[in-house]
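Visitor: This is the structure, below, for whatever I ask next.
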Amino acid sequence: MQSGLSLQQKDRRIVAGLLILNALVRGIVALRPIEYLDGLVIPDDAYLSLTIARNIARGLGPLYGLEHTNGFQPLYVFLMVPFFRLFPADYFAPIRSSFFLLIAFDTAALYVLYRLVQKLSATAYPPRIVAAAWIFSPYVIGTTLNGLETMMAVFFMLASLSFFHAMIETNSGSSTTGRYIVLGILLGLAILARIDNGFLALSVVAVMFWRYRKNNTLVRSLLLITLGSAIIVIPWLLYSYAYTGLIYPISGKAVRFNSLWDVQHQPTLFNLYLPMMRRAAGVLVRKNGMHLLVLAIIAFFVVRKEGVRAFIAPFHTITPVLLFVLLLVGAYTCYIFTSWFYERYLFPIGVAVFLVMGIALDRFFLLYGSHRTGVRWASILVVVLVVLNIMQPTFRDLITSTDTQTRGYMNLGLWARREFPEGTILGAQQSGAIGYFADNLRVINLDGVVNASCYRSLVERRNMDYIKAMRVQYIVGWKVDFSFIKSHSTDYAEDDLQLVKELDGFTSWNQPWYLFKVNLRH
């Protein structure tokens with residue numbers, strides 16, 4: 001008994017140390033000047049979400065520009081509202097606050113991941129190795145500090161999977177009413193954090209159908225899960241409908257429409273679907289390459305000793321997450337597209353890699369790890385994973401980069417605030433930072449992601465007419481943005497947009513910005 005208690009205490013100390021280290025590594029990055037982080041981790045969409053949160057805090061509802069929108073992930077935005085009440089006149093304190101809110105979710109996600117890998121392992125080393133890889137992964141750190149909902153969604157994804165695993169492993173489908181409702185609530189929070197976690201809910205349901213298809217309580221169980229999810233999701237749907245008259249987020253429709261423009265809205269296998277699959281595969285390899293390499297080496301040693309079938313067999317325990325990943329990839333490569341967001345949208349694949357690596361490590365240590373050799377192998381793997389991660393240029397950039405001129409969007413927003421008189425109506429497709437920092441202006445979103453009226457004008461090819469109807473005085477964007485306006489404006493005239501200047505002093509992703517004046521005389 002005393003020995004068991006001692007092992008538990010040791011485990012708790014290890015977990016506490018890992019969680020503290022995780023928060024410390026992220027905290028060091030989060031405390032760097034925001035102008036440095038702007039070009040490293042914060043996309044323009046983060047400023048869209050923060051602007052909406054600020055407007056809610058000001059009592060304006062989910063307003064962006066001149067109309068209300070549902071083009072955002074609600075849980076993150078609602079959780080950010082109190083920070084704008086605390087710092088009503090500060091642009092930077094809420095951004096910094098978002099970092100630490102997301103670090104809290106990241107650390108909680110690591111805890112759930114650690115415990116889940118521990119449950120799936122017969123040996124002690126896999127969760128510790130996986131935790132070390134997570135803590136120093138620049139992909140995880142950058143995703144955590146992106147000022148968006150990604151890590152929040154991952155936490156609820158992992159919490160749902162862990163809870164579901166505990167249910168099916170200990171109760172064989174005969175869980176109590178309360179446990180099914182709790183599972184539904186967790187899945188509802190996952191969906192509220194990010195709508196594509198709906199695929200996670202479908203994956204859980206699919207696994208339940210297969211596992212308990214002969215159980216006469218299956219329908220009741222699924223209804224209870226649905227009830228739990230509805231308790232969380234329906235209030236948001238009512239809120240969305242009350243303000244916008246819409247249920248489905250306008251952002252999903254808009255980003256798909258904008259992606260299709262690249263192929264003139266005529267997708268084929270070769271001009272869109274295969275390229276999207278290649279880009280998704282590229283993101284998977286580029287962002288998770290180090291972990292995939294280690295996983296491949298471990299798999300080689302395990303398969304050599306016990307064969308492919310025995311190696312694959314333990315992965316049935318994470319069937320829901322594997323199915324979720326397949327649905328996610330299928331959705332983003334075959335329907336939603338938006339390859340410019342793949343690093344963020346496909347981040348759950350990286351989380352699945354951690355789980356797969358944990359299970360593979362357990363098989364490795366069962367086959368090759370006596371007590372002494374196990375400690376040696378675990379130490380080597382931790383060192384290798386940490387070194388491979390910190391050697392990546394993206395990790396070094398998080399700590400050392402001081403580039404404020406060639407990346408990011410903050411410069412554009414601050415420039416707009418200085419450049420125009422108060423009340424000027426300014427349009428932009430990439431309007432997040434402008435709307436956030438230049439709140440002395442009336443900023444109109446022109447890609448439709450948070451603007452249903454603009455989205456309709458794009459679909460109906462009357463975008464220029466919409467711009468004039470909104471009395472937009474100036475538009476700022478990249479050259480491609482103005483080509484987009486022209487191609488979605490049947491009645492576009494050559495003098496509708498008059499070039500004012502190319503902006504000096506900064507670019508975004510090395511793309512120069514251009515300012516055009518809108519001809520409102522006709």
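The values are calculated or read from the model by the stated rules, or taken from the named source; none is laboratory data. Bear in mind that the values here come from a model prediction, so they are computed numbers and not experimental data. Virtual Cβ from ideal backbone geometry, glycine too; neighbours counted across all protein chains shown. Just the protein is used for accessible areas: all its heavy atoms, side chains included, with ligands, DNA and RNA removed. Shrake-Rupley method; radii C 1.70, N 1.55, O 1.52, S 1.80 Å.
Visitor: Considering amide H positions built from the backbone, and no H for Pro or chain starts, which residues 5 or more places from GLY71, or on another chain, come under 5 Å of its amide H?
Guide: ILE250, SER251
Visitor: For the Cα atoms of the chain, what angle does the longest principal axis make with the long axis of helix 347-368, in degrees from 0 to 90, nearest 10?
Guide: Taking Cα atoms only, the helix is inclined about 20 degrees.
Visitor: For the peptides 256-268, 376-388, what is the packing order when you average, over each peptide's residues, the other Cβ atoms within 10 Å and list the highest mean first?
Guide: Result, highest mean first: 376-388, 256-268.
Visitor: With a 1.4 Å probe and every protein chain left in place, tell me how much accessible area ARG85 has, in Å² to the nearest 10.
Guide: 150 Å²
Visitor: Follow-up. Between beta-carbons, use under 13 Å as the cut-off and find the net charge around TYR455, counting Lys and Arg +1, Asp and Glu -1.
Guide: Taking every other residue near TYR455 into account, the sum is +2.
Visitor: Using 0.36 nm times the number of residues separating GLN498 and VAL387, minus their current alpha carbon distance, what extension gain do you get?
Guide: Going from the current span to full extension adds 34.7 nm.
Visitor: Per DSSP helix of 4 or more residues, -39500 (n - 2.57); summed, then divided by the residues of the chain. What does that give at 222 nm, rounded to the nearest 500?
Guide: Per the formula, -21500 deg cm²/dmol.
Visitor: Towards the positive end of the charge dipole of the range 135-257, with charges on Cβ (+1 Lys, Arg; -1 Asp, Glu), say which of GLY188, TYR212, PRO235 has the farthest Cα.
Guide: Most positive-ward Cα: TYR212.
Visitor: Could I ask something else about it? Of all the accessible heavy-atom surface of the range 405-473, with the other protein chains kept in place and a 1.4 Å probe, what percent is carbon and sulfur?
Guide: Looking at the range 405-473 in its full context, I get 44 percent from C and S.
Visitor: For the range 66-220, calculate the relative contact order in percent as a whole number, restricting contacts to Cα pairs under 8 Å that are 6 or more residues apart.
Guide: The value is 25 percent.
Visitor: Within the chain, how many Lys pairs sit with Cα atoms under 28 Å apart, leaving out pairs fewer than 8 places apart on the same chain?
Guide: 17
Visitor: Continuing with the same structure: HN-Hα J couplings of the range 492-497 from phi, Karplus 6.51/-1.76/1.60, θ = phi - 60°, integer Hz, Gly and Pro as x?
Guide: Going residue by residue, I get 5, 10, 4, 9, 5, 10 Hz, with x marking Gly and Pro.
Visitor: To the nearest 10 degrees, how steep is helix 74-86 against the longest Cα principal axis of the chain, on a 0 to 90 scale?
Guide: Helix 74-86 sits roughly 70 degrees off the main axis of the chain.
Visitor: Also, quick follow-up: Please compute the per residue accessible area over the range 40-173 with all protein chains in place, 1.4 Å probe, rounded to a whole number of Å².
Guide: For the range 40-173, the solvent-accessible area averages 28 Å² per residue.
Visitor: Which entry is the computed log10 I(q)/I(0) by the Debye sum over Cα atoms at q = 0.05, 0.10, 0.12 Å⁻¹ for this structure: (i) -0.22, -0.85, -1.18; (ii) -0.18, -0.76, -1.13; (iii) -0.39, -0.95, -1.16?
Guide: (i)
Visitor: Mind checking the angle between helix 250-261 and the chain's longest principal axis? C-alpha axes, 0 to 90 degrees, to the nearest 10.
Guide: Once rounded, one gets 80 degrees.
Visitor: A follow-up question, please. Report ³J(HN,Hα) in whole Hz for each residue of the range 502-517, in order, from the Karplus equation J = 6.51 cos²θ - 1.76 cosθ + 1.60 where θ = phi - 60°; Gly and Pro get x.
Guide: Values, residue by residue: 8, 6, 9, x, 7, 9, 10, 6, 6, 9, x, 9, 10, 10, 10, 9 Hz.
Visitor: Can you tally the net charge around ALA190? Count Lys and Arg as +1, Asp and Glu as -1, for every other residue whose Cβ sits under 12 Å from the Cβ of ALA190.
Guide: -1
Visitor: Here's something else I'd like to know. Can you give the three extents of the C-alpha atoms in the range 43-197 along their principal axes, from longest to shortest, in whole Å?
Guide: 55, 38, 24
Visitor: In whole Hz, with x marking every Gly and Pro, tabulate ³J(HN,Hα) for the range 297-304 from phi via Karplus 6.51 cos²θ - 1.76 cosθ + 1.60, θ = phi - 60°.
Guide: 5, 4, 4, 4, 5, 6, 5, 4
Visitor: Around VAL302, what is the net charge, scoring Lys/Arg as +1 and Asp/Glu as -1 over all other residues with Cβ under 15 Å from its Cβ?
Guide: Cβ neighbours under 15 Å give a net charge of +2.
Visitor: Express the accessible area of the range 295-400 per residue in Å², computed with a 1.4 Å probe while the remaining protein chains stay in the model.
Guide: On a per-residue basis, the range 295-400 sits at 46 Å².
Visitor: Please report the antiparallel percentage of the DSSP beta bridges confined to the chain, to the nearest 5.
Guide: Antiparallel bridges make up about 70 percent of those DSSP assigns within the chain.
Visitor: Taking the Cα centre of the chain as origin, sum charge times position over the Cβ atoms of Lys and Arg (+1) and Asp and Glu (-1), and report the length of that vector in debye to the nearest 20.
Guide: In debye, rounded to 20, the chain gives about 1700.
Visitor: Which shape class applies to the range 383-468: rounded if a/c is under 1.5, otherwise prolate when a/b exceeds b/c and oblate if not, where a ≥ b ≥ c are the square roots of the Cα gyration tensor eigenvalues?
Guide: The shape class here is oblate.
Visitor: Would you mind checking which residues have amide H under 5 Å from VAL500's amide H? H placed 1.01 Å from N; only 5 or more apart, or other chain.
Guide: Distant-sequence amide H within range of VAL500: LEU515, PHE516, LYS517.
Visitor: Using per-residue counts of other Cβ atoms within 10 Å, averaged over each peptide, order 63-71, 233-241 from highest down.
Guide: 63-71, 233-241
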